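Since the structure comes first, as structure tokens, the remarks are kept for the end.
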Amino acid sequence: VDLDGAFDGQPANTEIVKNIIYNSSVDIQVGGGIRKLKTIETYVNAGAYRVILGTIAQEDPEFVAKACKEFPGKIVAGIDAHNGNVAIKGWVEVSNQRATDLAQSLESCGVSGYIFTDISRDGMLQGPNLKSIKEFSESANLPVIASGGVSQLKDIEDLLALEPNGVEGIIIGKALYNKNFTYPQTLELLDRYVG
């Protein structure tokens, strides 16, 4: 996520993001300040697996529908929430719209899924808000990637248990940076869970 772009309303680190895509062997999703079809095209042409539309998804669903039509299968909606309401503009503003309502309204636009972040837990290492994630994923008819609060391997196990509710992925950040656990430990856990 280009956080500078999220605050500024336009991408600020496009070349850095492109270099990450070019030098990575895994699928990369990119978001942060994306408000133009040309920007989406730039990232898709650079090899981005998916493009995340956040604030614009809440403010201009017609734009989301256009983006989904022009780049089928490449658009996901990033929905950030605080106490169940949609947070926008780099989490600076919290709207009156419920995150679950926004998700349902975006399904007809053609998004491929959602990245759901409970911002009260993101970066806090306090564990994910399982109730909020479950409520959101159950209300959505598309796959959900859960984000925010993972602090230990047990949190990953708890989120994996929500797979039947629609959670298909988990974003881990600060816990890895702080070395609360390692990426190989995460893979080992996933092997045990899946196997």
What do you reckon, is V17 in a loop (DSSP other than H, G, I, E, B), β-branched (V, I, T) and within 18 Å of the chain's Cα centre (by Cα)?
no
Take E59 and decide whether it is modelled with pLDDT of 95 or more and open to solvent by 80 Å² or more (accessible area, probe 1.4 Å).
no
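So that you can scan it fast, the table gives a plain yes or no per residue for (1) more than 25 Å from S132 (Cβ to Cβ); (2) of a type outside the set (D, E); (3) crowded, with 16+ Cβ neighbours inside 10 Å:
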| residue | (1), (2), (3) |
| --- | --- |
| N19 | yes, yes, no |
| V51 | no, yes, yes |
| F63 | yes, yes, yes |
| A103 | no, yes, yes |
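May I ask you to verify whether V30 is among the aliphatic types (A, V, I, L, M), more than 16 Å from L106 (Cβ to Cβ) and assigned to a loop (DSSP other than H, G, I, E, B)?
No.
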Out of the residues in segment 85-101 that are β-branched (V, I, T), part of a strand (DSSP E or B) and open to solvent by less than 60 Å² (accessible area, probe 1.4 Å), which is modelled with the lowest pLDDT?
I88
Does L153 qualify as being under 18 Å from D80 (Cβ atoms), aliphatic (A, V, I, L, M) and open to solvent by 40 Å² or more (accessible area, probe 1.4 Å)?
no
State which residue is most open to solvent (accessible area, probe 1.4 Å) when the search covers only segment 156-195 and only residues that are under 22 Å from V30 (Cα atoms) and in a loop (DSSP other than H, G, I, E, B).
I172
Does segment 142-155 hold any residues that are under 16 Å from the mean Cα position of the chain (by Cα) and either more than 29 Å from C109 (Cβ to Cβ) or at pLDDT below 95 (or both), and which are they?
S147, G148, G149, V150
Within segment 1-9, does at least one residue satisfy the condition of being surrounded by 16 or more Cβ atoms within 10 Å (Cβ to Cβ) and within 14 Å of I115 (Cα to Cα)?
yes
Determine which member of the set K38, K74 is under 21 Å from I171 (Cα atoms), open to solvent by 40 Å² or more (accessible area, probe 1.4 Å) and at pLDDT 95 or above.
K74
Which one is farthest from I75 (Cα to Cα) among residues in segment 118-139 that are surrounded by 18 or more Cβ atoms within 10 Å (Cβ to Cβ) and either touching a Phe, Trp or Tyr at 6+ places or on another chain (Cβ under 6 Å) or polar (S, T, N, Q) (or both)?
N129
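The values are calculated or read from the model by the stated rules, or taken from the named source; none is laboratory data. From a predicted model like this one, the values you see are computed outputs, not experimental measurements. Neighbour counts are summed over all protein chains in view; Cβ atoms, including those assigned to glycine, are modelled from backbone coordinates with ideal geometry. These area figures cover heavy atoms from the full protein model, side chains too; ligands, DNA and RNA do not enter into them. Shrake-Rupley method; radii C 1.70, N 1.55, O 1.52, S 1.80 Å.
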